[in-house]
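For reference, the structure discussed in these notes is given below.
The values are calculated or read from the model by the stated rules, or taken from the named source; none is laboratory data. Please read all numbers here as calculations on a predicted model, not as lab measurements. Positions of Cβ are backbone-derived with ideal geometry, glycine not excepted, and every protein chain shown enters the neighbour counts.
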Amino acid sequence: MLYSMTAFAAAKGEFEGQSWAWELRSVNGKGLDLRLRVPDWIEGLEAGLRARLSKAMARGNVSLSLRVQSDERGGALSVNEALLEDVLAAMAGIEARAMDRGLSLAPANAADIVGLRGVLETGTSAQDTGALGRALLADFESVLESFLDMRRAEGAALAQVLGAQLDEIETLTKEAAEVAEARRDDLSQSFRAALARVIEGASGADEGRVAQELAMMAVKLDVTEEIDRLRAHVGAARELIAQGSPMGRKLDFLSQEFNREANTLCSKAQNTGLTRIGLGLKTVIDQMREQVQNVE
């Protein structure tokens, strides 16, 4: 089964006075690039999430965001005693320095001090944080499964599109073989006429050497190898799709080989019909390459 590198999932949850919201998304990437924005105060959470994501996929630029919020009605308030002592000492020092300069400062009240960042804490203990981390990792499984379902669904759609494009390439390759075979007689007649003109117009021309040069030109214009390789590439691409992800890199390389053969076919065409088919091949192959960029 093919997997797409494009997907999105979101969910919300709660646990003992804590609520959270997940957002997991991914786009195309050459490798696996994990970017996590999760609370660093929950011990072991990021490492656990990173390990699970690395196991679940092989390619893509993946972004995971988690916002955790405490329910003030269910969380206990506590004073950070160490920080409070530091604040009071700093306030005393500031007041003493102001008095030395003859300045009088307005008195501070408890509300002013409590309002300072970090003095009054709403949160959980280390034990509660561990329980919260386990709850989050368990909840993440459903988020990840939803995310992978979307990658699978997108991958199935990609497989159908790629299959149709390979069918079209196969049909055009067959037409190219038929036109090339019909072109063979035209090239033979053209070369014989050219040989006659050269021999007639150039006294003393080596007829054998001229014939040899024309034969080499015919070999250079032969497209049998390109057609054979295009057929082989179609078969190889179908095998890769049947194998399933991760194989996007291999399919991307193969699509470049498709394009190389189509370019060579066009350069050797020397025939309106064969040129038209070559251009048709290039169009389909370019479309296929765009789709391949989404495959894991």
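Please verify whether the stretch 4-15 includes one or more residues that are part of a strand (DSSP E or B) and among the β-branched types (Val, Ile, Thr).
no
Can you spot a residue in the stretch 267-288 that is crowded, with 17+ Cβ neighbours inside 10 Å, touching a Ser or Thr at 6+ places or on another chain (Cβ under 6 Å) and farther than 24 Å from residue 56 by Cα?
The answer is yes, given that some residue of the stretch 267-288 is crowded, with 17+ Cβ neighbours inside 10 Å, touching a Ser or Thr at 6+ places or on another chain (Cβ under 6 Å) and farther than 24 Å from residue 56 by Cα.
Is it the case that some residue within the stretch 252-268 is in a loop (DSSP other than H, G, I, E, B) and at pLDDT below 90?
no
From 232, 269, grab the single residue that is free of Cβ contacts under 8 Å to residues at least 12 places away in the same chain and out of contact with any Phe, Trp or Tyr (no Cβ under 9 Å at 6 or more places or on another chain).
232
Here is a check on your reading of the model: is residue 261 exposed (fewer than 15 other Cβ atoms within 10 Å of the Cβ), among the acidic types (Asp, Glu) and touching a helix residue (DSSP H, G or I) at 6+ places or on another chain (Cβ under 9 Å)?
no
Of the residues 105, 88, 77, which single one is over 30 Å from residue 36 (Cα atoms) and at pLDDT below 85?
105
Would you please list the contacts, defined by Cβ atoms under 6 Å and residues six or more apart or on different chains, that run from a residue in the stretch 157-172 that is more than 11 Å from residue 285 (Cα to Cα) to a residue that is surrounded by 19 or more Cβ atoms within 10 Å (Cβ to Cβ) and of a type in the set (Gly, Ala, Ser)?
Close Cβ pairs satisfying both conditions: 158/4.
Going residue by residue through the stretch 181-200, is there one that turns out to be surrounded by 14 or more Cβ atoms within 10 Å (Cβ to Cβ), among the hydroxyl-bearing types (Ser, Thr, Tyr), in a helix (DSSP H, G or I) and at pLDDT 95 or above?
Scanning the stretch 181-200, I find no residue that is surrounded by 14 or more Cβ atoms within 10 Å (Cβ to Cβ), among the hydroxyl-bearing types (Ser, Thr, Tyr), in a helix (DSSP H, G or I) and at pLDDT 95 or above, so the answer is no.
Listed residues 31, 48, 44; which is surrounded by fewer than 12 Cβ atoms within 10 Å (Cβ to Cβ) and out of contact with any Cys (no Cβ under 6 Å at 6 or more places or on another chain)?
On inspection, the qualifying residue turns out to be 31.
Here is a list: 67, 35. Which entry is within 18 Å of the chain's Cα centre (by Cα) and of a type in the set (D, E, K, R)?
The unique qualifying residue is 35.
Within the stretch 85-104, does at least one residue satisfy the condition of being assigned by TED's automatic domain parsing to the domain that holds residue 130 and polar (S, T, N, Q)?
no
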